[in-house]
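The values are calculated or read from the model by the stated rules, or taken from the named source; none is laboratory data. Fair warning: this is a prediction, and the values are worked out from it, not measured in the lab. Here the Cβ positions follow ideal geometry from the backbone for every residue, glycine too, while neighbour counts run over all protein chains shown.
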Amino acid sequence: MDTSDCRVNLQEHWDKAYEKNPTEKLGWFEEVPTLSLEFIARCKLKENAKIFIAGAGSSTLMDALLDLNYTQLIANDISREALELLEKRLSDSQKAHLTCIVDDLTKPTILKDIKGIELWYDRAVVHFFLKKEEQQAYFNLIQSNVKIGGYVLLAAFALDGAEKCCGLEVFRYTTQMFQDRLGDHFKLLKDVNHTFINPFGDSRAYVYTLFQRKE
(Lines give C-alpha, C1' and ligand atoms only; values in the text may rest on other atoms or scores of the structure.)
Protein backbone atom coordinates (compact mmCIF):
# COMPACT_ATOMS: atom_id res chain seq x y z
CA MET A 1 0.00 0.00 0.00
CA ASP A 2 1.48 3.37 -0.96
CA THR A 3 1.25 6.55 1.12
CA SER A 4 -1.57 8.00 -0.96
CA ASP A 5 -3.72 4.97 -0.09
CA CYS A 6 -2.88 5.48 3.60
CA ARG A 7 -4.05 9.10 3.45
CA VAL A 8 -7.33 8.09 1.80
CA ASN A 9 -7.95 5.42 4.43
CA LEU A 10 -7.24 7.85 7.27
CA GLN A 11 -9.63 10.37 5.76
CA GLU A 12 -12.28 7.66 5.46
CA HIS A 13 -11.71 6.65 9.07
CA TRP A 14 -12.48 10.15 10.34
CA ASP A 15 -15.35 10.70 7.92
CA LYS A 16 -17.00 7.54 9.26
CA ALA A 17 -16.39 8.60 12.87
CA TYR A 18 -18.27 11.84 12.29
CA GLU A 19 -20.97 10.22 10.16
CA LYS A 20 -21.79 7.54 12.75
CA ASN A 21 -21.63 9.60 15.94
CA PRO A 22 -23.26 12.85 17.01
CA THR A 23 -20.70 15.45 18.07
CA GLU A 24 -21.62 15.16 21.75
CA LYS A 25 -20.89 11.40 21.70
CA LEU A 26 -17.36 11.70 20.32
CA GLY A 27 -14.71 10.69 22.84
CA TRP A 28 -12.98 14.09 22.83
CA PHE A 29 -16.15 16.22 23.03
CA GLU A 30 -16.21 19.13 25.49
CA GLU A 31 -19.44 21.03 25.95
CA VAL A 32 -17.42 24.06 27.06
CA PRO A 33 -13.65 23.98 26.33
CA THR A 34 -12.83 25.86 29.53
CA LEU A 35 -9.13 25.07 29.84
CA SER A 36 -8.45 25.86 26.19
CA LEU A 37 -10.22 29.21 26.55
CA GLU A 38 -8.17 30.02 29.66
CA PHE A 39 -4.94 29.37 27.74
CA ILE A 40 -6.15 31.43 24.77
CA ALA A 41 -7.13 34.34 27.04
CA ARG A 42 -3.54 34.42 28.28
CA CYS A 43 -2.42 35.28 24.74
CA LYS A 44 -4.37 38.59 24.77
CA LEU A 45 -5.07 38.34 21.04
CA LYS A 46 -6.82 41.09 19.10
CA GLU A 47 -10.23 40.24 17.65
CA ASN A 48 -8.77 40.19 14.12
CA ALA A 49 -5.92 37.83 15.05
CA LYS A 50 -5.40 34.94 12.65
CA ILE A 51 -6.26 31.82 14.64
CA PHE A 52 -5.60 28.36 13.19
CA ILE A 53 -7.39 25.33 14.66
CA ALA A 54 -5.71 22.06 13.65
CA GLY A 55 -8.03 19.08 13.45
CA ALA A 56 -10.97 21.31 14.27
CA GLY A 57 -13.59 18.68 13.58
CA SER A 58 -16.96 19.86 14.86
CA SER A 59 -15.47 21.29 18.05
CA THR A 60 -17.45 23.70 20.20
CA LEU A 61 -14.29 25.79 20.54
CA MET A 62 -15.25 27.43 17.26
CA ASP A 63 -18.58 28.61 18.68
CA ALA A 64 -16.83 29.98 21.77
CA LEU A 65 -14.25 31.90 19.73
CA LEU A 66 -16.96 33.37 17.51
CA ASP A 67 -18.88 34.42 20.63
CA LEU A 68 -15.70 36.23 21.72
CA ASN A 69 -15.83 38.16 18.41
CA TYR A 70 -12.72 36.72 16.77
CA THR A 71 -12.99 37.39 13.05
CA GLN A 72 -10.19 35.38 11.37
CA LEU A 73 -10.65 31.73 12.25
CA ILE A 74 -9.19 28.94 10.13
CA ALA A 75 -10.57 25.46 10.79
CA ASN A 76 -8.59 22.54 9.38
CA ASP A 77 -9.42 18.86 9.32
CA ILE A 78 -8.60 15.86 7.15
CA SER A 79 -12.31 14.98 7.31
CA ARG A 80 -14.62 16.93 5.01
CA GLU A 81 -17.57 15.43 6.87
CA ALA A 82 -16.39 16.98 10.15
CA LEU A 83 -16.05 20.47 8.70
CA GLU A 84 -19.43 20.23 6.98
CA LEU A 85 -21.01 19.38 10.34
CA LEU A 86 -19.29 22.39 11.85
CA GLU A 87 -20.51 24.74 9.13
CA LYS A 88 -24.09 23.45 9.36
CA ARG A 89 -24.15 24.37 13.03
CA LEU A 90 -23.10 27.98 12.45
CA SER A 91 -25.12 30.93 11.23
CA ASP A 92 -24.28 32.77 8.00
CA SER A 93 -22.88 35.70 9.97
CA GLN A 94 -20.64 33.36 11.96
CA LYS A 95 -19.42 31.53 8.85
CA ALA A 96 -18.32 34.87 7.40
CA HIS A 97 -15.48 34.82 9.95
CA LEU A 98 -14.47 31.22 9.35
CA THR A 99 -12.40 29.54 6.64
CA CYS A 100 -12.57 25.74 6.47
CA ILE A 101 -9.68 23.86 4.87
CA VAL A 102 -9.59 20.12 4.20
CA ASP A 103 -5.91 19.16 4.17
CA ASP A 104 -3.39 16.73 5.65
CA LEU A 105 -1.21 18.37 8.31
CA THR A 106 1.66 15.99 7.57
CA LYS A 107 1.49 16.36 3.77
CA PRO A 108 0.07 19.87 3.40
CA THR A 109 -0.86 21.37 0.07
CA ILE A 110 -3.09 24.33 0.96
CA LEU A 111 -1.85 24.74 4.53
CA LYS A 112 1.76 25.37 3.59
CA ASP A 113 0.69 28.76 2.22
CA ILE A 114 -1.22 29.90 5.34
CA LYS A 115 1.37 32.28 6.83
CA GLY A 116 1.24 34.83 9.63
CA ILE A 117 -0.67 32.68 12.11
CA GLU A 118 -0.96 34.37 15.51
CA LEU A 119 -2.31 31.35 17.37
CA TRP A 120 -1.89 27.71 16.35
CA TYR A 121 -4.28 25.56 18.38
CA ASP A 122 -4.15 21.77 18.49
CA ARG A 123 -6.05 19.69 21.03
CA ALA A 124 -5.60 15.97 20.49
CA VAL A 125 -4.47 15.93 16.86
CA VAL A 126 -0.69 15.92 17.16
CA HIS A 127 -0.74 12.63 19.10
CA PHE A 128 -2.06 10.76 16.03
CA PHE A 129 1.21 11.32 14.16
CA LEU A 130 3.19 8.20 15.01
CA LYS A 131 6.02 8.25 12.50
CA LYS A 132 9.05 10.47 12.93
CA GLU A 133 8.63 11.92 9.43
CA GLU A 134 4.98 12.79 10.15
CA GLN A 135 5.94 14.57 13.36
CA GLN A 136 8.77 16.41 11.63
CA ALA A 137 6.49 17.57 8.81
CA TYR A 138 3.89 18.76 11.32
CA PHE A 139 6.30 20.75 13.47
CA ASN A 140 8.01 22.14 10.36
CA LEU A 141 4.61 23.48 9.32
CA ILE A 142 4.18 25.21 12.68
CA GLN A 143 7.66 26.72 12.47
CA SER A 144 6.97 27.97 8.95
CA ASN A 145 3.47 29.35 9.48
CA VAL A 146 3.43 30.89 12.97
CA LYS A 147 4.63 34.48 12.98
CA ILE A 148 7.24 35.89 15.37
CA GLY A 149 5.43 36.70 18.60
CA GLY A 150 2.69 34.19 17.74
CA TYR A 151 1.51 31.44 20.05
CA VAL A 152 1.26 27.64 19.85
CA LEU A 153 -1.19 25.81 22.10
CA LEU A 154 -0.66 22.05 22.02
CA ALA A 155 -2.63 19.52 24.05
CA ALA A 156 -2.18 15.76 23.78
CA PHE A 157 -2.38 12.57 25.79
CA ALA A 158 0.25 12.54 28.53
CA LEU A 159 2.62 9.62 29.05
CA ASP A 160 0.15 8.05 31.48
CA GLY A 161 -2.76 8.73 29.13
CA ALA A 162 -4.67 6.39 26.88
CA GLU A 163 -2.77 4.40 24.27
CA LYS A 164 -5.54 4.65 21.68
CA CYS A 165 -8.24 7.09 20.61
CA CYS A 166 -11.09 6.39 18.19
CA GLY A 167 -9.51 3.02 17.44
CA LEU A 168 -6.13 4.49 16.46
CA GLU A 169 -2.82 4.30 18.31
CA VAL A 170 -1.46 7.56 19.67
CA PHE A 171 1.97 9.00 20.44
CA ARG A 172 1.95 10.40 23.98
CA TYR A 173 3.80 13.56 25.01
CA THR A 174 5.46 15.53 27.79
CA THR A 175 6.06 19.27 27.80
CA GLN A 176 9.76 18.70 27.11
CA MET A 177 8.95 16.54 24.09
CA PHE A 178 6.90 19.39 22.64
CA GLN A 179 9.74 21.81 23.36
CA ASP A 180 12.28 19.56 21.67
CA ARG A 181 10.17 19.33 18.51
CA LEU A 182 9.35 23.04 18.34
CA GLY A 183 12.95 24.05 18.90
CA ASP A 184 14.74 26.97 20.57
CA HIS A 185 12.70 29.63 18.76
CA PHE A 186 9.66 28.80 20.90
CA LYS A 187 9.48 29.68 24.60
CA LEU A 188 7.27 27.77 27.02
CA LEU A 189 4.83 30.10 28.79
CA LYS A 190 2.60 27.63 30.62
CA ASP A 191 1.94 23.92 30.95
CA VAL A 192 -0.70 21.99 32.87
CA ASN A 193 -1.39 18.31 33.49
CA HIS A 194 -5.13 17.87 33.05
CA THR A 195 -7.53 14.97 33.55
CA PHE A 196 -10.34 15.10 31.02
CA ILE A 197 -13.55 13.17 31.66
CA ASN A 198 -14.93 12.12 28.31
CA PRO A 199 -18.64 11.77 27.41
CA PHE A 200 -18.58 8.12 28.54
CA GLY A 201 -17.28 8.95 32.01
CA ASP A 202 -13.74 7.73 31.37
CA SER A 203 -10.74 9.77 32.50
CA ARG A 204 -8.00 10.78 30.07
CA ALA A 205 -4.66 12.25 31.15
CA TYR A 206 -3.60 15.22 29.01
CA VAL A 207 -0.74 17.68 28.95
CA TYR A 208 -1.59 21.23 27.86
CA THR A 209 1.21 23.56 26.77
CA LEU A 210 1.44 27.15 25.55
CA PHE A 211 4.50 28.40 23.66
CA GLN A 212 5.39 31.74 22.06
CA ARG A 213 7.64 32.20 19.05
CA LYS A 214 10.67 34.36 19.88
CA GLU A 215 12.60 36.76 17.65
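Miscellaneous remarks
- Scan of region 74-118 for residues that are basic (Lys, Arg) and closer than 24 Å to Ser144 by Cβ, ordered by number: Lys107, Lys112, Lys115
- For the criterion of being modelled with pLDDT of 90 or more and either in contact with a strand residue (DSSP E or B) (Cβ under 9 Å, 6 or more places away or on another chain) or within 21 Å of Gln212 (Cα to Cα) (or both), Leu68 fails.
- For region 159-178, the set of residues classified as charged (D, E, K, R) and surrounded by fewer than 17 Cβ atoms within 10 Å (Cβ to Cβ) consists of Asp160, Glu163, Lys164, Glu169, listed by residue number.
- Close contacts from region 139-151, counting a first residue that is in contact (Cβ under 8 Å) with a residue 60 or more places away in the chain and a second that is among the acidic types (Asp, Glu), with Cβ to Cβ under 8 Å and a gap of 6+ residues or different chains, come to Val146/Glu118; Lys147/Glu118; Ile148/Glu215; Gly149/Glu118; Gly150/Glu118; Tyr151/Glu118.
- Looking only at region 106-150, and only at residues there that are touching a Pro at 6+ places or on another chain (Cβ under 9 Å) and not in a helix (DSSP H, G or I), the one that is surrounded by the fewest Cβ atoms within 10 Å (Cβ to Cβ): Ile114
- Check on Gly161, modelled with pLDDT under 95, in contact with a strand residue (DSSP E or B) (Cβ under 6 Å, 6 or more places away or on another chain) and among the small types (Gly, Ala, Ser): yes
- Selection count where residues are of a type in the set (S, T, N, Q), under 22 Å from Leu141 (Cβ atoms) and touching a Pro at 6+ places or on another chain (Cβ under 8 Å), scope region 26-74: 1
- Subset tally (residues that are without any contact (Cβ under 8 Å) to a residue 60 or more places away in the chain and either hydroxyl-bearing (Ser, Thr, Tyr) or within 18 Å of Gln179 (Cβ to Cβ) (or both)) for region 94-138: 9
- Output for region 176-192, where each listed residue is closer than 21 Å to Glu215 by Cα and assigned to a helix (DSSP H, G or I): Gln176, Phe178, Gln179, Asp180, Arg181, Leu182
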